[in-house]
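The structure appears below as structure tokens.
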Amino acid sequence: MVPLVYFVITVGQIQGGSFAVVGAADQAAKVYVAQPDEPTAQAAAEQAVSIALADFGHQPDEASISTTCDPVDCQAPGTAVTITVSLSVPLPFVPFNSGFRLAASEVEASATQLVGRFR
């Protein structure tokens, strides 16, 4: 019975991580396109990811963020900005130190927003 309960908890952690990265990517893309310049936009996107992951109980250092723009100028009107958030979901109740973490899964989500003509 204990392995079954542990399996259900682990699947719940993975599902929660999936919801977290979807929300984080969506919010990061939205705040990115609303900023006036690239450094501010990147900082705002990272902060949005941190807040979204914290809402689901995940640490921001477990995630990675990548930004791609098509065309390359991320601030030009009409540019499609894609934010991809990857998260390593740890196994629950594993009593190891922070230097040795076992991951249950790696989840990833992307969101795309267009830079508006009027900001």
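The values are calculated or read from the model by the stated rules, or taken from the named source; none is laboratory data. Worth saying up front: this structure is predicted, and the values here are computed from it rather than measured. Neighbour counts are summed over all protein chains in view; Cβ atoms, including those assigned to glycine, are modelled from backbone coordinates with ideal geometry. Protein only, heavy atoms only, side chains kept; ligands, DNA and RNA dropped before computing areas. Shrake-Rupley method; radii C 1.70, N 1.55, O 1.52, S 1.80 Å.
A few points about this structure:
- Take 65-75, 46-56 and order them by the average number of nearby Cβ atoms within 10 Å per residue, most first; the result is 46-56, 65-75.
- In this label model, Val72 and Ile51 are separated by 3.2 nm, measuring between points 7 Å along each Cα→Cβ vector.
- Residues Ser110 and Met1, FRET efficiency given R0 of 41 Å [Cβ-Cβ distance, rounded to 0.05]: 0.60
- Surface share of carbon and sulfur [accessible, 1.4 angstrom probe, percent] for the chain: 60 percent
- In the chain, helical runs assigned H by DSSP with n ≥ 4 each contribute -39500 (n - 2.57); averaged across all residues and rounded to the nearest 500, the mean residue ellipticity at 222 nm is -15000 deg cm²/dmol.
- Per residue accessible area in Å² of the chain, where ligands, DNA and RNA are left out and the probe is 1.4 Å: 59 Å²
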